Amino acid sequence: MKIFELKLKNEGVTLNVYLPDASKEMPRMAVRPGVLVIPGGGYSFCSDREAEPVALAFAAKGYAAFVLRYSIGKDKDFSMPFADAEEAMEIIHDNAAEWGVNKEKIAAIGFSAGGHLCAALSTMGKIRPNASILIYPCILESIGKILAFPVPSLEKEVDEKTPATFIAAVREDGVVPIKNSIAYAAALEEAGVPFEIHIFEKGYHGYSLADHTVYSKAEEEYNAHLKCWVDLCMNWLCKRFEV
């Protein structure tokens with residue numbers, strides 16, 4: 001696997017690239033689907049457990065993976081991380097041939113505030129992903145009160161060009177209420193955009209992959225069930241991308 005880091009235009013912003021090696025023994029993997037991973041962190045930081053572990057999980061399934069560490073902090077505004085996400089998509093598209101990536105099969109996955117940025121890219125981006133994965137996402141303008149800066153309400157931006165979307169969240173999430181996910185799903189339905197949504201009854205915010213690589217003992221009782229979202233998502237994406 002080739003792993004390297006690219007610096008983007010805004011200060012401190014990086015795109016980490018994970019390219020599985022090509023091999024004649026795996027001819028179907030000569031050109032791979034890709035996934036842009038956008039970690040959460042309330043636009044105040046980028047969560048490590050929603051970054052590389054997620055990229056490696058997708059790489060293990062044959063994806064070229066990219067982790068965006070975008071502009072954060074109270075001295076920023078939403079336009080800056082949004083510009084970072086657009087730049088990341090542009091870089092992936094521009095280098096797709098060299099990197100062996102099928103630019104017609106590039107998904108984006110975002111967690112929490114990263115889910116907000118992923119949804120923004122999916123509804124307002126110049127280059128939109130071909131599939132969108134939102135895990136306990138921030139969507140509504142009202143959630144801005146717990147973020148580093150105000151954000152737009154993205155259910156209002158959904159249109160017929162919004163990509164098919166997979167959503168997972170927890171009913172008892174005390175940080176990002178599920179009304180965010182439900183509002184976005186309702187907007188997708190109104191626009192005629194295919195989607196799949198899973199609302200788990202029990203759990204906590206920030207579970208990421210919900211396996212031993214990212215959780216602590218205090219959360220263990222929930223993870224046996226929560227971690228099934230990864231397989232559900234991978235199966236959904238394989239069908240969307242026909243891989």
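The values are calculated or read from the model by the stated rules, or taken from the named source; none is laboratory data. Everything numeric in this text was worked out from a predicted model, so none of it was measured. For neighbour counting, all protein chains shown are included, and Cβ atoms are generated from backbone atoms with ideal geometry for every residue, glycine included. Side chains included, ligands, DNA and RNA excluded: accessible areas come from the protein's heavy atoms. Shrake-Rupley method; radii C 1.70, N 1.55, O 1.52, S 1.80 Å.
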Taking Cα pairs closer than 8 Å and at least 6 residues apart, the relative contact order of the chain in percent is 16 percent
Distances longer than 18 Å among the Cα atoms of the range 73-133: what percent of all pairs is that? 33 percent
Whether the range 1-112 is rounded, prolate or oblate, judged on the alpha carbon gyration tensor where a/c under 1.5 counts as rounded: prolate
For all pairs of alpha-carbon atoms in the chain, what percent lies in each bin of width 10 Å, listed from the first bin to the last filled one? 8, 35, 38, 17, 2, 0
Could you do me a favour and compute the accessible area per residue for the range 26-141, 1.4 Å probe, result in Å²? 33 Å²
Which GluC sites (Glu not before Pro) in the range 172-243 sit in a loop by DSSP (not H, G, I, E or B) and have at most 10 other Cβ atoms within 10 Å of their own Cβ? Glu201, Glu242
Pairwise label distance in nanometres, Asn95 with Ser142, each label 7 Å out on the Cα-Cβ vector: 4.1 nm
Of the listed links Lys9/Lys105; Lys126/Lys156; Lys179/Lys227, those spanning more than 19 angstrom between alpha carbons are Lys9/Lys105; Lys179/Lys227
Just the number, please: carbon plus sulfur as a percent of the accessible area of the chain, 1.4 Å probe, no ligands or DNA/RNA counted. 51 percent
Per residue accessible area in Å² of the range 163-243, where ligands, DNA and RNA are left out and the probe is 1.4 Å: 51 Å²
Distance histogram for the range 69-178 (every C-alpha pair counted, 10 angstrom bins, percent rounded to whole numbers): 15, 47, 30, 8, 0
Taking a crude spin-label model, label points 7 Å out from Cα along the C-beta direction, the Asn235 to Lys2 distance in nm is 3.5 nm
Under a 10 Å cutoff between Cα atoms, tell me which one of Gly40, Gly73, Gly110 has the largest fluctuation in the Gaussian network model of the chain. Gly73
At q = 0.17, 0.19, 0.22, 0.24 Å⁻¹, what is the base-10 log of I(q)/I(0) for the range 143-224 according to the Debye formula with one equal point scatterer per Cα and no solvent? Please give it to two decimals. -0.80, -0.93, -1.07, -1.14
Per Stokes-Einstein, at 25 °C and 0.890 mPa s, what whole-number D in µm² s⁻¹ belongs to the range 46-105, with the Kirkwood radius over Cα pairs as the hydrodynamic radius? 189 µm²/s
